[in-house]
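Shown next, in structure tokens, is the structure this report addresses.
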Amino acid sequence: MTPPPTAHKPAVLVTGADLAPEALALLGSYDVHYAGKTPSEESIVDLCRTHNPVAIIVRYSKVGAAAMDAAPALRVISKHGSGTDTIDKAAAAARGIDVVAAVGANAAAVAEQALALLMTCAKSVVALDARMRHGHWDKSTHKSVELAGKTIGLIGLGAIGQRMAAMAHGMDMRVIGHDPYAKQLPDYIDVVSLDTLWAESDAISLHCPLTDDNREMVNATALSQCRAGVILVNTARGGLVNEQALLAAVRSGHVMAAGLDSFAVEPMAQGHPFQQEPRIILSPHIGGVTGAAYVNMGVAAARNALAVLARHSAHA
């Protein structure tokens, strides 16, 4: 006898080349398809048209209205991480598609990267390493910045910002922060206005999502309000910073140094002026990329997608 045909599994599209095995195990009832390491918006639309996924797990690239229209079965778009600015949320809402995020899954990883960039700037780690490799010994002439007793201003006090606050507090820094949505904060975070944060911070670290309202919030005007010698760290979204204004402020010395893990255009093209500025420390948006975060984000993204699909099934 010919065996009966296997039941067709609904599809899940991952806009990346892989997913943690722990996340894949949760998706055993689905056919999982991958868009590759550097998918384009067009390739994602094509894959939606081919596979008609019920869920998209977003790692890289953008998911817009065209992809949603190419997948009539689509019920949920689940971010492999916390930032949903690469998803057209208005288009999703108009089509009854849920957008969910793995909030907090990479909080430890990103906060540690922010701290690493802050310390690298304050202690001139990269510059001193380069000097040593060229035979210099700057013990008698170099003075690093001591962060104990300094004020750090955190813009965004969600899971990542609060973790950064705890580490800074543990280093005896004064912690001030701005976040109109934050609730139940520890008492060592002094919530202030944005104007106060610019004026009183010795270091500023960005931990907020990118929105139309805060795009390029770190601009020439904001930087002019900051203390001379301020350090800027951005592990959030590149669009929060006006890059030309930051470059000018670093070159003038008003900003002592900047540690950046995200940029207005990614990947950064060869020849970007930041690459020629030794006091701008660069990393390729890997703050949330650790072994543990990879698993945590994958599992959270899968669970979030499954929860929405289960709700739709219950109402079908």
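Listing for the model above:
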quantity: Residue ID - farthest from I87 (Cα to Cα), chosen from residues in the range 25-53 that are part of a loop (DSSP other than H, G, I, E, B) and in contact with a helix residue (DSSP H, G or I) (Cβ under 6 Å, 6 or more places away or on another chain); calculated: L27
quantity: Subset of the range 82-102 that is modelled with pLDDT of 95 or more and of a type in the set (V, I, T) - its residue that is farthest from Y294 (Cα to Cα); calculated: I97
quantity: Number of positions in the range 97-127 that are under 18 Å from S201 (Cα atoms) and not aliphatic (A, V, I, L, M); calculated: 3
quantity: Subset of the range 300-316 (residues that are among the charged types (D, E, K, R) and either within 15 Å of L74 (Cβ to Cβ) or free of Cβ contacts under 8 Å to residues at least 12 places away in the same chain (or both)); calculated: R311
quantity: Tally, over the range 129-164, of residues that are part of a helix (DSSP H, G or I) and under 30 Å from D187 (Cβ atoms); calculated: 6
quantity: Set A11, A17, A66, A73: member being closer than 25 Å to V103 by Cβ and of a type in the set (G, A, S); calculated: A17
quantity: Number of the condition not met by I77 [criteria: (1) in contact (Cβ under 8 Å) with a residue 24 or more places away in the chain; (2) among the β-branched types (V, I, T); (3) closer than 26 Å to G288 by Cα]; calculated: (1)
quantity: So A93, is it at negative phi, in contact with a Ser or Thr (Cβ under 6 Å, 6 or more places away or on another chain) and assigned by TED's automatic domain parsing to the domain that holds V32; calculated: no
quantity: Residue match in the range 105-121 (condition: surrounded by fewer than 20 Cβ atoms within 10 Å (Cβ to Cβ) and farther than 16 Å from G288 by Cα); calculated: yes
quantity: Residue within the range 165-178 that is in a helix (DSSP H, G or I) and crowded, with 21+ Cβ neighbours inside 10 Å present; calculated: yes
quantity: Among residues of the range 172-185, those that are at pLDDT 95 or above, over 15 Å from L206 (Cα atoms) and within 23 Å of the chain's Cα centre (by Cα), counted; calculated: 1
quantity: Matching residues, the range 70-95, being surrounded by fewer than 23 Cβ atoms within 10 Å (Cβ to Cβ) and closer than 18 Å to P10 by Cβ; calculated: A70, P72, A73, R75, R95
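The values are calculated or read from the model by the stated rules, or taken from the named source; none is laboratory data. None of these values were measured; they are calculated from a predicted model. Methodologically, a virtual Cβ is constructed for each residue, glycine included, from the backbone with ideal geometry; neighbour enumeration extends over all protein chains shown.
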